[in-house]
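Working notes, structure below.
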Amino acid sequence: MKNQYRVERVHTIVIGGGQAGLSVAYHLAKRGISFLILDANQRLGDAWRNRWDSLRLFTPAAYVRLPGLPYRSRGESFPTKDQMADYVETYAKHFRLPVQTGVKVDRLSKQGDHFIVEAGDLRYESDNVVVAMANYQAPRVPAFAKQLDPSLIQVHSHYYKNPSQLQDGPVLVVGVGNSGADIGIEVARTHSTLISGTESGHIPFKIDTLLARLLLFRLVKFVGHHVLSLRTPIGRKARPKMLRQAAPLVRVKPQDLIDAGVKRVGRVTGVKEGKPLLSEGSTLDIKNIIWCTGYEHGFPWIDLPIFDENGEPKHERGVVKDVSGLYFVGLHFLYAMSSATVIGIGRDAEHVVDALMARPAPRKSTDWVLQPARVG
């Protein structure tokens, strides 16, 4: 029997209701474009709420600002993941943005001039689609993880909450990116902890100091937002390398791992007799593994010829030239090093909406009209 879809016609669909999608929505609403945001989470902000309990932003609260509504806080604190989640939710309510939560997109295709967005038994047709999410969505672990002793507890950083998920005994953290370093220091308070891998570098100052928040962060913001961008030769040269490797450590420094009692070990290359095998040939007798090994590409549901040989979307500053009406916001280094952060995402969103508006005669609607922002 042929599937029966409930079809809804919308001028522009925004896929993703995080900071990227809401920034796009702000600029669409400001220009009077009819649109709808689809978000897979049951509640806006859940992408933040579902991270590990102790997570804090690297960005001081004074610099956390989505278009039209700054994050309100006292002092120069670093927001927690729950505070950021609440800010995202408040932002959507403040501007009365049209969001449907609990809608996971299964397929994006195009028929003639119209995009087809399928989500369960829902079907949407639209003139434009903005994919507002990061490059990577599916947690990645090495294939050999299945060969490890089943008595070991294995958890990816995406699902890690706190040390109570772990059993007694040593913990191996695999990956020395920001997630691995933060989690490694936390786990070391309750468990003997080892960490495998090599960081790609680190910011050479403590971000929690007053000097860093008032002065040094401004310098980092300027470099990441203006210098390391596609507008500059240095930014264009740096972008391929930055897309391939993990970001440098921001809050945690290599010495912090040593001071916390975290032991550095070599690279994990496989499994021997159910135990993690290191590159030098030794094995580790551990009881828990936390995989801080990143994510797979998150766009297998996009059924359009827009990807390069590495599986990355082909675009020019978020505008897909090969498929008119398709846009991306939230990708790592979409335009600048700051593109996937709350500092840079608003600029990218505005550029994409400007490009969308430049398409022939977009229909305007008063269905979703932006209310004046209460800035202050």
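Which one of the conditions (1) at pLDDT 95 or above; (2) more than 24 Å from residue 207 (Cα to Cα) does residue 53 fail to meet, given that it meets all the rest?
For residue 53, the failing item is (2).
If I filter the range 317-344 down to residues being at pLDDT 95 or above and not in a loop (DSSP other than H, G, I, E, B), which single residue comes out as nearest to residue 68 (Cα to Cα)?
Looking at residues that are at pLDDT 95 or above and not in a loop (DSSP other than H, G, I, E, B), I get 329.
When you go through 69, 97 one by one, which is the residue that is touching a Phe, Trp or Tyr at 6+ places or on another chain (Cβ under 6 Å) and not small (Gly, Ala, Ser)?
Unique residue meeting the criteria: 69.
Within the range 63-115, track down each residue that is of a type in the set (Ser, Thr, Tyr) and over 15 Å from residue 16 (Cβ atoms). Don't jump to the end; show me each part of the working.
As a first pass, look at the range 63-115 and keep what is of a type in the set (Ser, Thr, Tyr): 63, 71, 73, 77, 80, 87, 90-91, 101, 109.
Listed by number, the residues that qualify are 63, 71, 73, 77, 80, 87, 90, 109.
Among the residues of the range 288-318, which ones are open to solvent by less than 20 Å² (accessible area, probe 1.4 Å) and more than 30 Å from residue 275 (Cβ to Cβ)?
298, 299, 302, 306, 313, 318
Take the range 242-268 and flag every residue that is open to solvent by 40 Å² or more (accessible area, probe 1.4 Å) and under 24 Å from residue 279 (Cα atoms).
Residues satisfying the conditions are 244, 245, 246, 247, 248, 255, 258, 261, 263, 264, 267.
Find the strands (runs of 3 or more DSSP E) located wholly in the range 228-311 whose residues include 2 or more that are free of Cβ contacts under 8 Å to residues at least 24 places away in the same chain, and list them. Spell out how you get there, then give the answer.
Numbers: elements: 263-265, 268-272, 275-278, 288-291, 295-297.
It comes to 268-272.
For the range 25-41, does any single residue satisfy the condition of being farther than 30 Å from residue 360 by Cβ and touching a residue at least 60 places away in the same chain (Cβ under 8 Å)?
Yes: one or more hits.
Report, by residue number, each residue of the range 41-68 that is of a type in the set (A, V, I, L, M), open to solvent by 40 Å² or more (accessible area, probe 1.4 Å) and within 14 Å of residue 89 (Cα to Cα).
First, the residues of the range 41-68 that are of a type in the set (A, V, I, L, M): 44, 47, 55, 57, 61-62, 64, 66.
Those left that are additionally open to solvent by 40 Å² or more (accessible area, probe 1.4 Å): 47, 62.
Matches in the range 41-68: 47 only.
In the range 319-348, which residues are closer than 19 Å to residue 235 by Cβ, open to solvent by 30 Å² or more (accessible area, probe 1.4 Å) and either out of contact with any Lys or Arg (no Cβ under 8 Å at 6 or more places or on another chain) or basic (Lys, Arg) (or both)?
Pass one, the range 319-348, residues closer than 19 Å to residue 235 by Cβ: 319, 328-341, 343-348.
Still in the list and also open to solvent by 30 Å² or more (accessible area, probe 1.4 Å): 332, 337, 340-341, 343, 347.
Correct list: 332, 337, 340, 341, 347.
In contact (Cβ under 8 Å) with a residue 12 or more places away in the chain and more than 16 Å from the chain's Cα centre (by Cα): is that true of residue 72 in this structure?
Details: in contact (Cβ under 8 Å) with a residue 12 or more places away in the chain: no; more than 16 Å from the chain's Cα centre (by Cα): yes.
Answer is no for this residue.
Condition test on residue 162, is it modelled with pLDDT of 95 or more and under 19 Å from residue 57 (Cβ atoms)? Working first, answer last.
Details: modelled with pLDDT of 95 or more: yes; under 19 Å from residue 57 (Cβ atoms): yes.
Yes.
Name every residue in the range 172-191 that is surrounded by 15 or more Cβ atoms within 10 Å (Cβ to Cβ) and not in a helix (DSSP H, G or I), in order of residue number. Walk me through how you get there before you give the answer.
Pass one, the range 172-191, residues surrounded by 15 or more Cβ atoms within 10 Å (Cβ to Cβ): 172-188, 191.
Listed by number, the residues that qualify are 172, 173, 174, 175, 176, 177, 188, 191.
Look through 219, 211, 215 and report the one residue that is closer than 19 Å to residue 335 by Cα and loosely packed, with under 14 Cβ neighbours inside 10 Å.
Details: 211 fails: closer than 19 Å to residue 335 by Cα; 215 fails: closer than 19 Å to residue 335 by Cα.
After ruling out the rest, the residue left standing is 219.
Write out, first by first residue and then by second, each pair whose Cβ atoms fall under 9 Å of each other, whose residues are 6+ apart or on separate chains, and whose first residue, in the range 138-164, is free of Cβ contacts under 8 Å to residues at least 24 places away in the same chain while the second is surrounded by fewer than 16 Cβ atoms within 10 Å (Cβ to Cβ) and part of a helix (DSSP H, G or I).
From the range 138-164, the pairs are 159/165.
I'd like the full set of residues that are open to solvent by less than 40 Å² (accessible area, probe 1.4 Å) and within 15 Å of residue 276 (Cβ to Cβ), limited to the range 192-208.
Listed by number, the residues that qualify are 193, 194, 195, 196, 197.
The rows are residues; the columns are (1) modelled with pLDDT under 95; (2) in a helix (DSSP H, G or I); (3) small (Gly, Ala, Ser); (4) touching a Ser or Thr at 6+ places or on another chain (Cβ under 7 Å).
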{"position": "37", "(1), (2), (3), (4)": "no, no, no, no"}
{"position": "90", "(1), (2), (3), (4)": "no, yes, no, no"}
{"position": "115", "(1), (2), (3), (4)": "no, no, no, yes"}
{"position": "118", "(1), (2), (3), (4)": "no, no, no, no"}
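If I ask for residues that are among the aliphatic types (A, V, I, L, M) and within 26 Å of the chain's Cα centre (by Cα), which ones from the range 236-269 would you list? Steps first, answer last, please.
From the range 236-269, those among the aliphatic types (A, V, I, L, M) are 238, 242-243, 246-247, 249-250, 252, 257-258, 260, 262, 265, 268; that's our starting set.
Residues satisfying the conditions are 238, 242, 243, 246, 247, 249, 250, 252, 257, 268.
Mind counting the residues in the range 105-147 that are of a type in the set (D, E, K, R) and either more than 17 Å from residue 6 (Cα to Cα) or open to solvent by less than 10 Å² (accessible area, probe 1.4 Å) (or both)?
Taking the range 105-147 and keeping what is of a type in the set (D, E, K, R), we get 106-107, 110, 113, 118, 121, 123, 125, 127, 140, 146.
Restricting the remaining residues to those that are either more than 17 Å from residue 6 (Cα to Cα) or open to solvent by less than 10 Å² (accessible area, probe 1.4 Å) (or both) gives 110, 113, 127, 140, 146.
The qualifying residues number 5.
The values are calculated or read from the model by the stated rules, or taken from the named source; none is laboratory data. Since we're looking at a predicted model, the values are computed, not measured. Neighbour counts are summed over all protein chains in view; Cβ atoms, including those assigned to glycine, are modelled from backbone coordinates with ideal geometry. Each accessible area value is taken on the protein alone, full model and side chains, heavy atoms only, with ligands, DNA and RNA left out. Shrake-Rupley method; radii C 1.70, N 1.55, O 1.52, S 1.80 Å.
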